[in-house]
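One structure is given below, encoded as structure tokens.
The values are calculated or read from the model by the stated rules, or taken from the named source; none is laboratory data. Remember, it's a predicted structure, so these values are computed and weren't measured experimentally. Glycine gets a Cβ as well: all are built from the backbone with ideal geometry, and neighbour counts include every protein chain shown. Ligands, DNA and RNA are stripped out before the accessible areas are found, and what is left, the full protein with its side chains, is counted by its heavy atoms. Shrake-Rupley method; radii C 1.70, N 1.55, O 1.52, S 1.80 Å.
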Amino acid sequence: MTSDGRGPHVLLTPNLADLLPQLRERYPHCRFTPVPDDEPVRQEWLDAEVILRSAMNEDTFDELLAKCDGLRWVQITAAGFDWVTGETMQRRLAEGLVYTRSPNSYNVPIAEYVVGAVLLHFRAFPAHHAAQERREWVRIVARDVIGSTMVVFGTGGIGREVAWRARALGATVIGVNRTGAPAEGFDRVVAYADHLAVLPEADSVVLAMPLTTENRYFFDAERFAAMKETAVLVNVGRGALVVEDALVDAMRQGRIAGAVLDVFEEEPLPADHRLWSLPNTTVTPHTSFRGSGNLQRLYADFCANLDRYLAGAELAGTKRQPDLGY
């Protein structure tokens, strides 16, 4: 709070404007201003201390970073940090700007997507759809999720939400993280260095880890070769976790049974991209995080941090491993 009892001026992107009534009611001493994309930066915005950023125009954001001398904190409505870069941002971070993500807002819809993706292939819906297109009455024996094994790379918020849902369906869930530290919801956790030992056990493999300098392109031909031919890969992490040539070869040669891909190195995926037509592959347009409850989860994440900010406490959602970029 300032000496006259006023709270900080908070700028937010217009797609979050539906939160304004709730924010203004909960924090009557703070000032909340939506920033339109199609207008020049206004003088009255430059006293902002906080930015809640979703789909803000890059040029507008860079100008605010450069001109808002009192800016102290930026929260992004994303699960990862890797998409925010730029010289101005790096300079402000070096000067002490605090930069946080929304750590819990997308865990639920992404976890539901993963479970749906596994069921899609285990229950043979693509094959049923193909038979429907041919108007053939084909009875396909589905695979049980109960008794299967899922390996989840990443034991953070998303991985934990995936784990308990999969276990509720009767699957054994093995987590993979950097150190092998136990994580809630998993039957067991192994260190990243040991992941090749558990891949042969997997009936489904989920990539839900952040992209770092250590794991870029780690899922290569050797990893696909270690998987069961009946296994399914689900990638909701980042496209660059997977070597695309290795994925294409694995799918075309039937080395694994299926893949569900929601993230890509190039987005939007061009219409002529080879991933669209891969056999036994489902492509979705980076949509696993979209859910009807997102806005309220974003509100809850931001309010929890704004309460901390007003109290002078450490904010949640900062980088856990700054040297690795997440």
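Structure values in brief
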| quantity | calculated |
| --- | --- |
| Net length gained if the chain between A181 and E87 were fully extended (0.36 nm per residue, minus Cα distance) | 30.3 nm |
| Cα-based convex hull volume of the stretch 77-152 per residue, rounded to whole Å³ | 146 Å³ |
| Amide H within-cut-off set for V234, under 5 Å, with H built and near neighbours excluded | V205, V206, L207, V260 |
| Cβ-derived FRET efficiency at R0 45 Å, V138 paired with N57, nearest 0.05 | 0.35 |
| As computed over the stretch 179-293, the Cα convex hull volume per residue (Å³) | 125 Å³ |
| Rg and Dmax of the stretch 78-208, Cα atoms only, in Å | 19.0, 66 |
| J(HN,Hα) series, the stretch 177-192, from Karplus relation 6.51 cos²θ - 1.76 cosθ + 1.60, nearest Hz, glycine and proline x | 9, 4, 10, x, 4, x, 9, 4, x, 9, 5, 7, 10, 10, 6, 3 |
| Solvent exposure ordering (accessible area, 1.4 Å, most first) of I140, I256 | I140, I256 |
| Cα-centre dipole for the chain with unit charges at Cβ (Lys and Arg positive, Asp and Glu negative), debye to 20 | 1020 debye |
| Accessible surface ranking that places the most exposed of Y99, Y217, Y113 first, with a 1.4 angstrom probe | Y217, Y113, Y99 |
| Extreme residue, positive dipole direction of the stretch 1-72, given options P21, T60, L11 (C-beta unit charges) | P21 |
| Among V162, T172, H121 - extreme Cα towards positive end, dipole of the chain, charges at beta-carbon | T172 |
| Charge context of A226, other residues only, Cβ under 11 angstrom, K/R +1, D/E -1 | 0 |
| Viscosity 1.002 mPa s, 20 °C: Kirkwood-radius Stokes-Einstein D of the chain over Cα pairs, µm²/s | 99 µm²/s |
| Amide H partners (placed H, <5 Å) of T100, local residues excluded | V74, Q75, I76 |
| R0 of 41 Å, Cβ-Cβ distance S277-D38: FRET efficiency to nearest 0.05 | 0.65 |
| FRET E, pair K67, D220, Förster distance 41 Å, beta-carbon r, rounded to 0.05 | 0.35 |
